[in-house]
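The values are calculated or read from the model by the stated rules, or taken from the named source; none is laboratory data. Predicted model only: the values in this text are computed from it and were never measured. Cβ sites come from the backbone with ideal geometry, for glycine too, and all protein chains shown count toward neighbours.
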Amino acid sequence: MPRRIGMFFMSRFSFSVTLLVFILSFAPLALSQQNHMNLDKYVCVVCHSDLEDEILTPPVKDWKESAHFEAGIMCADCHGGNPNDEEIAMEPSEGFVGKPEKKDIPKLCSKCHSDAKMMRAFNQRSDQYELYSGSVHGQKSASGDADAPTCVDCHGKHKILKVKDPNSMAHRKNIPETCGGCHSKKDVFEKRRKASNQLELYKKSWHYQKFTEGDVLVPTCMDCHGNHGILPARSERTQTVCFNCHAAQAENYKSSPHWTAFKKTGEPVCLNCHKNHDVVRPSVAKFSGKGESDCIQCHEESSPAYVAGLGIQSLMLSTIKAVETAQTEMEEFKANAHGGFEISGIEERLAKAQTNLAELHIITHKMDVESLKKTSETVLSQASSVSGDIHNMLAEIQTRKIGLAGAWFVFLGLMYSIWAMGKAYERKE
């Protein structure tokens, strides 16, 4: 009996908690609907709507489409004033600030966005202001730099949409253009002696190519630099941010002489070889290339490091050629064999060779020829096995063709003999 009573109260308690969570989840929506029903008495909305002014009226329309409107955030929450009395609506004594100064916007937004209790209702973080204040953007804004971006530069002013909304400035697919809106301004960056072509370079990259093809996993600006807590480009976190996605490459790199040098001098790291914004698809040509991010830029041609690089390149080229040859032979065989052979096992071996070749590319980050040899030998063996089997099947096809030709010759000879015998018999009759 006590157990049943306990279970009864526990079930009632669980139901109560669930009901409370359900009610709280709809509290912002209820507040929003309550405010929306009173818009005809809300002085700011009524007045700005009636003005029909090309500058003062659109903000109301934009706000009505925003996440703030949905959440019940009203005009006076950001601009101050008394929205219930037209006579004193814009009085400073009522806290009216009108258009906030740009430098004051982060602190203004933090009134809500640093309130953990309020943000919890919307399942949002409450440390954005703290992160922004410690960022490059936040520090420049605090120092009086009028060009430094604040919240509205990335999220919009009145038409602030949810980040998951595809039309939001902060939506993932719009991030390059949003960041590029500032970082493409020559007049802003020239006086800082910094480049203003990051977006242009990014659009040349392998990352951007995959991004435009719909690959949502490739990085955009915020994946490498952060969103609110943006650190200087030369910080170690930014320098080594590639490790977050390229874990296998990072593991091998950390076993190389490059990592030892980086910990001492800050170079070389990923961007020294692969660039930062215009990241191109890497190839083994870098080991002997003359480009600005190739080995020759750091190592003399006679140095042991450069010679080791050439050894890695030679080993890679021979392995790549073997796999490409096997791939070509397989494609040609499938196109011309017209069936008759079980090749699933051969295709599986070719797939394994291609996978191991990809692993071999990763191991090059260790910059050690001996570490590459074992995997290279495995790949060469697999590719050679594929090519050998294809050659054997081609030889069998040739044998079959010869046998078929012989069979046709015998068949036709037999048919001719039968025909000749028939003719001879007719003559005899």
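For region 205-242, enumerate the residues that are farther than 26 Å from Ser126 by Cα and buried (at least 16 other Cβ atoms within 10 Å of the Cβ). Across region 205-242, the qualifying residues are Ser205, His207, Tyr208, Phe211, Val218, Gln239, Thr240, Cys242. Is it true that Phe333 is farther than 26 Å from His246 by Cα, outside any helix (DSSP H, G or I), among the aromatic types (Phe, Trp, Tyr) and in contact with a helix residue (DSSP H, G or I) (Cβ under 6 Å, 6 or more places away or on another chain)? It is false that Phe333 is farther than 26 Å from His246 by Cα, outside any helix (DSSP H, G or I), among the aromatic types (Phe, Trp, Tyr) and in contact with a helix residue (DSSP H, G or I) (Cβ under 6 Å, 6 or more places away or on another chain).
Residue count for region 355-369 satisfying the condition of being part of a helix (DSSP H, G or I) and over 21 Å from Gln327 (Cα atoms): 5. Inside region 268-293, residues that are within 25 Å of the chain's Cα centre (by Cα) and not β-branched (Val, Ile, Thr) make up a count of 15.
Is there a residue in region 23-44 that is at pLDDT 90 or above, assigned to a helix (DSSP H, G or I) and closer than 30 Å to Pro149 by Cα?
Keep residues of region 23-44 that are at pLDDT 90 or above, which gives 42-44.
Now narrow it down to the ones that are assigned to a helix (DSSP H, G or I): 43-44.
Now restrict to residues that are closer than 30 Å to Pro149 by Cα: 44.
Among the residues of region 23-44, at least one is at pLDDT 90 or above, assigned to a helix (DSSP H, G or I) and closer than 30 Å to Pro149 by Cα, which makes the answer yes.
Name the one entry in His299, His246 that is within 24 Å of Asn356 (Cβ to Cβ) and outside the structural domain of Lys366 (by TED's automatic domain parsing).
Values: His299 fails: within 24 Å of Asn356 (Cβ to Cβ).
That would be His246, the only listed residue that is within 24 Å of Asn356 (Cβ to Cβ) and outside the structural domain of Lys366 (by TED's automatic domain parsing).
As a summary of the residue check, Ser141 satisfies the conditions (1) part of a loop (DSSP other than H, G, I, E, B); (2) closer than 25 Å to Arg234 by Cβ; (3) touching a residue at least 12 places away in the same chain (Cβ under 8 Å) except for the one numbered (1).
Between Gly156, Gly138, Gly144, the distinction of being out of contact with any Ser or Thr (no Cβ under 9 Å at 6 or more places or on another chain) and either surrounded by 15 or more Cβ atoms within 10 Å (Cβ to Cβ) or not charged (D, E, K, R) (or both) belongs to Gly144 only. On the stretch given as region 84-120, residues that are in contact (Cβ under 8 Å) with a residue 24 or more places away in the chain and surrounded by 15 or more Cβ atoms within 10 Å (Cβ to Cβ) total 8. The listed residues are Glu213, Glu177, and the only one of them that is over 26 Å from Tyr129 (Cβ atoms) and acidic (Asp, Glu) turns out to be Glu213.
Of the residues making up region 226-246, at least one is over 30 Å from Gly98 (Cβ atoms), of a type in the set (Phe, Trp, Tyr) and out of contact with any Ser or Thr (no Cβ under 6 Å at 6 or more places or on another chain).
Each row is one residue, and each column tells you yes or no for (1) at pLDDT below 95; (2) under 30 Å from Gln398 (Cα atoms); (3) of a type outside the set (S, T, N, Q).
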{"position": "Leu315", "(1), (2), (3)": "no, no, yes"}
{"position": "Glu331", "(1), (2), (3)": "yes, yes, yes"}
{"position": "Ala337", "(1), (2), (3)": "yes, yes, yes"}
{"position": "Gly345", "(1), (2), (3)": "yes, yes, yes"}
{"position": "Glu348", "(1), (2), (3)": "no, yes, yes"}
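Among the residues of region 229-245, just one is among the hydroxyl-bearing types (Ser, Thr, Tyr) and assigned to a helix (DSSP H, G or I), namely Thr238.
For region 46-77, a residue qualifies if it is touching a Leu at 6+ places or on another chain (Cβ under 7 Å), modelled with pLDDT of 95 or more and not hydroxyl-bearing (Ser, Thr, Tyr), and exactly one does: Ala67. Against the condition out of contact with any His (no Cβ under 6 Å at 6 or more places or on another chain), assigned to a helix (DSSP H, G or I) and surrounded by fewer than 14 Cβ atoms within 10 Å (Cβ to Cβ), how does Lys374 come out, does it pass? Judged against the criteria, Lys374 is a match. When residues of region 251-271 are filtered for being outside any helix (DSSP H, G or I), surrounded by 17 or more Cβ atoms within 10 Å (Cβ to Cβ) and touching a residue at least 40 places away in the same chain (Cβ under 8 Å), how many remain? The qualifying residues number 1.
Counting the residues of region 316-328 that are more than 31 Å from the chain's Cα centre (by Cα) and surrounded by 20 or more Cβ atoms within 10 Å (Cβ to Cβ) gives 2. Restricting Glu324, Glu342 to those that are farther than 24 Å from Glu251 by Cβ, part of a helix (DSSP H, G or I) and in the same structural domain as Arg400 (by TED's automatic domain parsing) reduces the list to Glu324. Look at (1) without any contact (Cβ under 8 Å) to a residue 60 or more places away in the chain; (2) surrounded by fewer than 16 Cβ atoms within 10 Å (Cβ to Cβ); (3) part of a helix (DSSP H, G or I); (4) not aromatic (Phe, Trp, Tyr) and you find that Ala248 fails only one, number (1). Can we say Glu377 is at pLDDT below 90 and acidic (Asp, Glu)? So Glu377 fails the test.
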